[in-house]
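Just so it is clear, none of the values below were taken in a lab; they were calculated from the coordinates. What you see is a predicted model; the values in this text were computed from it and never measured. So basically every Cβ, Gly included, is an ideal-geometry build from the backbone, and we count neighbours across all protein chains shown.
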Amino acid sequence: METPKYKRVIIKLSGEALAGDQGFGLENSVLDSLAEQIGDIIDLGVEVAVVVGGGNIWRGVAGSKRGIDRATADYMGMLATVINALALQDILENHDIDTRVQTAIEMRQVAELYIKRRAIRHLEKGRVVIFGAGTGNPFFSTDTTAALRAAEIEAEVILMAKKVDGVYDCDPQTNADAKKFDRLSYIDVLNRGLKVMDSTATSLCMDNDIPIIVFNMMERGNMKRALMGEPIGTYVGS
Ligand code: UDP
């Protein structure tokens with residue numbers, strides 16, 4: 001059997017990624033493709049936790065510009081991530097993958113509350129744990145949630161699933177000369193303001209030495225390649 005380089009991982013799925021080409025809501029083909037790819041890495045014996053974003057439904061900053069108090073708008077964003085978490089859970093279960101959703105805000109009729117030890121126990125039993133409701137605190141992001149949960153459950157890497165194949169020095173969609181980075185240090189990301197994750201999340205990864213792999217999730221097999229240690233996308237580390 002193939003031996004993966006990483007045994008316990010966090011996959012960060014942004015809301016934008018889940019929306020596919022439509023830009024809003026959820027696209028089934030994306031969810032199905034993700035479920036297939038997650039199934040492939042579960043078969044390798046990798047323990048998988050997923051942090052879902054909510055930007056396909058609601059973003060706190062955007063909401064606060066419409067006259068909604070920022071903290072309230074952020075709680076709305078956290079609720080949006082729970083909608084995504086539940087959708088992903090059902091699609092994964094349709095693919096015969098055992099899952100648990102844990103939320104950082106208690107909503108016991110809907111999901112379990114996040115408890116670190118319990119999350120680890122699920123992972124050890126081969127269940128995919130989906131973390132919803134971010135950190136449970138306004139003014140944070142789901143990128144920061146991914147960094148925080150990775151530190152807590154001792155994940156060895158964060159896989160940032162994107163619709164582009166890595167980190168570029170400028171937007172590759174508008175600039176034909178955009179250069180892709182194969183490898184970056186955390187400090188490079190912070191100093192250059194590169195859009196890997198927000199700065200709070202990057203700092204948390206740096207302080208806890210958690211590598212980040214940014215890769216194109218639309219290409220089937222990439223998740224497995226990343227976990228096998230193949231050089232895909234952009235690797236961010238120390
Ligand atoms: N959010 C928050 N605290 C958290 C995580 C998320 O307040 O710990 C809110 C915030 O308003 C954010 C929204 O939830 O805009 C959706 O999360 P995010 O923007 O990180 O989603 P993504 O960009 O990954 O889709």
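Comparing GLY25, GLY15, GLY55 in a Gaussian network model of the chain, where Cα atoms under 10 Å apart are tied by springs, the biggest mean-square fluctuation is seen for GLY25.
Our estimate of slack between ASP98 and ASP169, defined as 0.36 nm per intervening residue step minus the Cα-Cα distance, is 21.7 nm.
Please tell me the relative contact order of the chain in percent, rounded to the nearest whole number, where contacts are Cα pairs under 8 Å and at least six residues apart. Walk me through the numbers on the way to the answer.
Values: 499 pairs, mean separation 53.3, N = 238.
About 22 percent, as a whole number.
Can you give me the distance in nm between label points at ARG192 and THR3, each placed 7 Å from the Cα along the Cα-to-Cβ direction? With each label point 7 Å from Cα toward Cβ, the separation is 3.4 nm. Just checking the listed ones, VAL82, VAL110, VAL46: in the Gaussian network model of the chain with Cα springs under 10 Å, the one fluctuating most is VAL110. Towards the positive end of the charge dipole of the chain, with charges on Cβ (+1 Lys, Arg; -1 Asp, Glu), say which of ALA19, TYR75, ASN191 has the farthest Cα. Comparing the listed Cα positions along the dipole, TYR75 ranks first.
On a 19 Å Cα-Cα criterion, which of the cross-link pairs LYS7/LYS224; LYS116/LYS195; LYS5/LYS162 come out too long?
LYS116/LYS195; LYS5/LYS162
With a Förster radius of 22 Å applied to the C-beta separation of LEU44 and GLU219, the computed FRET efficiency comes to 0.80. The fewest-to-most ranking of VAL101, VAL214 by surrounding Cβ atoms within 10 Å reads VAL101, VAL214. Normalised by the number of residues in the range 46-112, the mean separation of alpha-carbon contacts (under 8 Å, six or more apart) gives a relative contact order of 25 percent. Extension gain, GLU152-ASP69: 0.36 nm per intervening residue step, less the Cα-Cα distance, totals 26.9 nm.
With K and R counted +1 and D and E -1, the other residues having a Cβ less than 15 Å from that of ARG117 yield a net charge of +3. Think of it as helices only: each DSSP H run of n ≥ 4 in the chain is worth -39500 (n - 2.57), and spread over all residues that comes to -12000 deg cm²/dmol at 222 nm.
In the elastic network of the chain, a GNM with C-alpha springs shorter than 10 Å, the most mobile of GLN22, GLN89, GLN109 is GLN109.
Compactness ratio for the chain: Cα radius of gyration over 2.2 N^0.38 Å (N = residue count) comes to 0.95. Ranked by how many other Cβ atoms sit within 10 Å of their own Cβ, fewest first, the residues CYS170, CYS205 fall in the order CYS170, CYS205.
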